[in-house]
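Before any comments, here is the structure.
Derivation of every value follows stated rules applied to the coordinates shown; laboratory data play no part. Note that this is a predicted model, so its numbers are computed, not measured. Backbone-built Cβ (ideal geometry, glycine too); neighbour counts: all protein chains shown.
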Amino acid sequence: MAPNIDRCLPDPDQFSSCSDLIENTVLTAVIWIIACFTFVSNITVILFRFRSIRVSSETQNKSSDILIIKIALCDFLMSVYLFLIAATDHVYKGVYFLNSETWTRNSLCSVAGIVVTISCEGSLTFLLLLTRFRYSNIIDPFSGNPVLSSNIIMILSCLCWIFLILIAFLPLSRSSYFGDNFYGSTGICLPMNLISIDVNGWQYSFAIFAVLNAIILTLIMMSYAQMYKYVSGSRSGSGRADPTELVLARRSLVINLCNLFCWLPLIIVQLCAVFSVEIPNQVAAWLAVLFLPINSTLNPLLYTILTIDMKSIRARNKRRKRQPIK
C-alpha cells in the first residue's frame with residue numbers, strides 16, 4: 001500500500017513481519033504439520049487410555065492411565081494453540097500491518113496465551129506427578145514410605161489444575177505490573193521472553209517458564225535416575241535386576257531425557273534474554289515452533305503409541321471372541 005516508506009508498523013519481531021503474522025512460509029507449514037499430528041496423536045492416546053481404564057482391574061494401572069490422560073489433555077491444548085496461531089496467520093496473510101493491534105488486543109490472543117501456558121506447565125506438572133507415582137511404586141514399598149494412593153493422586157491432580165489456572169489467568173488481572181496486554185506482547189501471544197526482557201511482567205514469565213520448569217525437570221531426572229539405579233542393582237539382596245522393571249526404567253529415562261533436551265534450549269534462550277545476549281530472530285522463532293510443542297508431539301509416541309503391545313492386544317481380543325456369549 002505504501003512501497004516507498006522506510007519503516008512499516010508493526011515493527012518486525014522474531015515471528016512476524018510487517019505483512020505476515022508468521023513471516024517464514026516454511027515455519028507456517030511446520031506449524032500446521034505439528035498441530036495436525038499433535039491433535040490426532042493425543043486424541044488417540046486419550047481414547048486408548050480410557051479404554052484401558054475400562055478393561056483394567058488393577059488400581060495401579062488405572063492411576064497411571066489417568067495421569068497419562070491428563071498429560072495428553074495438556075498436550076492436546078498445544079494443538080489448539082497452534083491451530084489458533086496458524087489460522088490467524090492465514091486470515092491476515094499479506095495485511096497483518098492493518099490488523100496487528102486488533103489481533104494482539106483481541107480476546108482470542110489472550111485465550112491462545114492461556115491455552116499455551118496451561119499446556120506447557122500442565123504437561124510438565126503432571127509428568128512430575130506421574131514420575132512420583134512410579135517412584136513410589138518401585139522404591140517406596142521397600143523403604144517404609146507410603147505408596148501414593150488413587151485418592152492422593154486425585155487430590156494432587158485437583159491442586160495441579162488450580163495452580164495451572166491461577167498462573168495462566170493471573171496476567172489478566174490488569175495490574176500495573178502485567179500491563180493491559182501481557183499475552184499480546186508478541187504476535188503469536190507467547191508469554192515467554194525469547195529475545196528481550198523489555199516487556200511488562202518478564203520476571204513472572206521467566207520464573208514460570210525458566211526457573212520453575214528447570215526445577216521440575218531436575219526433580220524428574222533425579223527421580224528416574226534413582227529408579228534406574230535401584231532396579232539395575234540388587235533387588236532384595238539377590239544381586240539381579242528385575243528384567244521387566246529394568247526395561248521400564250531404561251525406557252522412562254530415555255523419555256525424560258527427550259523432555260530435558262526439548263526444554264533446555266528454551267531455558268537457555270530465556271537466560272540469554274535476561275543477560276542481554278543477542279539471539280537471532282530466526283533462531284528464536286524456530287526454537288519456539290520446534291522445541292516448545294515437541295514435547296506435546298513426542299509424549300503420545302513415547303508414553304503410549306510406541307509402548308502398545310499389539311501382540312498382547314490381538315491375543316486378548318481372540319480370547320474374548322472365543323468366550324461363549326452369556
In nm, the gap between the two label points placed 7 Å beyond Cα toward Cβ at CYS258 and ASN99 is 3.6
In order over region 26-38: 3J(HN,Hα) from phi, Karplus 6.51/-1.76/1.60, θ = phi - 60°, whole Hz, x for each Gly or Pro, gives 5, 4, 4, 5, 5, 4, 4, 5, 5, 4, 5, 5, 5
Counting Lys and Arg as +1 and Asp and Glu as -1 over every other residue whose Cβ sits under 10 Å from the Cβ of ASP89, the net charge comes to -1
Per the C-alpha gyration tensor (a ≥ b ≥ c, the square roots of its eigenvalues), region 94-139 is rounded if a/c is under 1.5, else prolate if a/b beats b/c, else oblate; here it's prolate
With the label point 7 Å along the Cα-to-beta-carbon line of SER196 and a cut-off under 18 Å to each amide N, the hits in region 157-179 are 178-179
In the neighbourhood of LEU172 defined by beta carbon distances under 14 Å, the net charge of the other residues (Lys, Arg +1; Asp, Glu -1) is +1
Env charge @ SER119, Cβ radius under 14 Å, K,R +1 / D,E -1, value -1
With x for Gly and Pro, the residue-by-residue ³J(HN,Hα) of region 265-282, computed from phi through the Karplus equation 6.51 cos²θ - 1.76 cosθ + 1.60 at θ = phi - 60° and given in whole Hz, is x, 5, 5, 5, 5, 5, 5, 4, 5, 5, 9, 6, 8, 6, 10, x, 4, 5
Here, VAL283 and SER107, labelled 7 Å along Cα→Cβ, have an inter-label distance in nm of 4.0
In nm, the gap between the two label points placed 7 Å beyond Cα toward Cβ at PHE163 and ASN137 is 2.1
